Amino acid sequence: MDWNQHGSFHLQWRGDVLVIRYEGVWNEVAARHLHRDASALWARHPAPWAMVGLFEAWEGATPEALKAWLDFFLDAVAHGLGAYAVAMPTTLHASMAEGLRRETSRRVARKDCVDLPDALQWLGSLGYAS
């Protein structure tokens, strides 16, 4: 039985930057759908590219969703992701994703940012056009 998706996302290219807005409480299905949809986008985009994660409307995730999200991230790195900027609204949100923060920081240049403009400014300083 395939479960229904809980949680949602919105994807948008801004130059060389893939912006992802996360919403709601995530299950594994949401993370798998993100992987499917985002990989279709990055397959058509030249490397290197960067990603911004906006978590203002994110409410958390199951452990299975976090594991599936890490699979998504590792595949992104394998397909040209070179930098990742993250905007978490609270320290509680950040603590829920602490394990992912450690893993993503090991793979690419990563920065916690205040908001989208802050993230785009930092990525611009690394040479990613937005």
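Could you please let me know if R21 is touching a Gly at 6+ places or on another chain (Cβ under 9 Å), in contact (Cβ under 8 Å) with a residue 24 or more places away in the chain, basic (K, R) and within 30 Å of W3 (Cβ to Cβ)? Let's see the steps before the verdict.
Values: touching a Gly at 6+ places or on another chain (Cβ under 9 Å): yes; in contact (Cβ under 8 Å) with a residue 24 or more places away in the chain: yes; basic (K, R): yes; within 30 Å of W3 (Cβ to Cβ): yes.
Against the criterion (touching a Gly at 6+ places or on another chain (Cβ under 9 Å), in contact (Cβ under 8 Å) with a residue 24 or more places away in the chain, basic (K, R) and within 30 Å of W3 (Cβ to Cβ)), R21 qualifies.
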*Just a yes or no: is a residue in segment 90-98 modelled with pLDDT under 95, under 24 Å from N4 (Cβ atoms) and open to solvent by less than 50 Å² (accessible area, probe 1.4 Å)?*
yes
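Please go through segment 39-73 and pick out each residue that is open to solvent by 60 Å² or more (accessible area, probe 1.4 Å) and either closer than 20 Å to S105 by Cα or touching a strand residue (DSSP E or B) at 6+ places or on another chain (Cβ under 6 Å) (or both).
If we filter segment 39-73 for residues that are open to solvent by 60 Å² or more (accessible area, probe 1.4 Å), which is where we start, we get 43-44, 46-48, 56, 59, 63-64, 67, 71.
Listed by number, the residues that qualify are A47, P48, E59, P63, K67, D71.
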By residue number, the members of segment 69-96 that are part of a helix (DSSP H, G or I) and in contact with a Pro (Cβ under 8 Å, 6 or more places away or on another chain) are none
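Taking into account only those residues within segment 10-25 that are β-branched (V, I, T) and open to solvent by less than 50 Å² (accessible area, probe 1.4 Å), which is farthest from W122 (Cα to Cα)? It would help to see each step written out before you state the result.
Kept after step one, since they are β-branched (V, I, T), are these residues of segment 10-25: 17, 19-20, 25.
Okay, now just the ones that are also open to solvent by less than 50 Å² (accessible area, probe 1.4 Å), so 17, 19-20.
Working: V17: 11, V19: 14, I20: 16 Å.
Checked segment 10-25; the qualifying residue farthest from W122 (Cα to Cα) is I20.
Looking at this structure, is A50 assigned to a strand (DSSP E or B) and either within 12 Å of the chain's Cα centre (by Cα) or not charged (D, E, K, R) (or both)?
Values: assigned to a strand (DSSP E or B): yes; either within 12 Å of the chain's Cα centre (by Cα) or not charged (D, E, K, R) (or both): yes.
Yes: the conditions hold for A50.
Among the residues of segment 19-47, write down those that are farther than 14 Å from A87 by Cβ and assigned to a strand (DSSP E or B). It would help to see each step written out before you state the result.
We begin by selecting, within segment 19-47, every residue farther than 14 Å from A87 by Cβ; these are 24-47.
Residues satisfying the conditions are G24, V25, W26.
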When (1) under 12 Å from the mean Cα position of the chain (by Cα); (2) open to solvent by 30 Å² or more (accessible area, probe 1.4 Å) are applied to E28, the one that fails is (1)
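The values are calculated or read from the model by the stated rules, or taken from the named source; none is laboratory data. All of these numbers come straight from a predicted model, not from anything done at the bench. Glycine gets a Cβ as well: all are built from the backbone with ideal geometry, and neighbour counts include every protein chain shown. Surface accessibility is based on the protein's heavy atoms, side chains included, excluding ligands, DNA and RNA. Shrake-Rupley method; radii C 1.70, N 1.55, O 1.52, S 1.80 Å.
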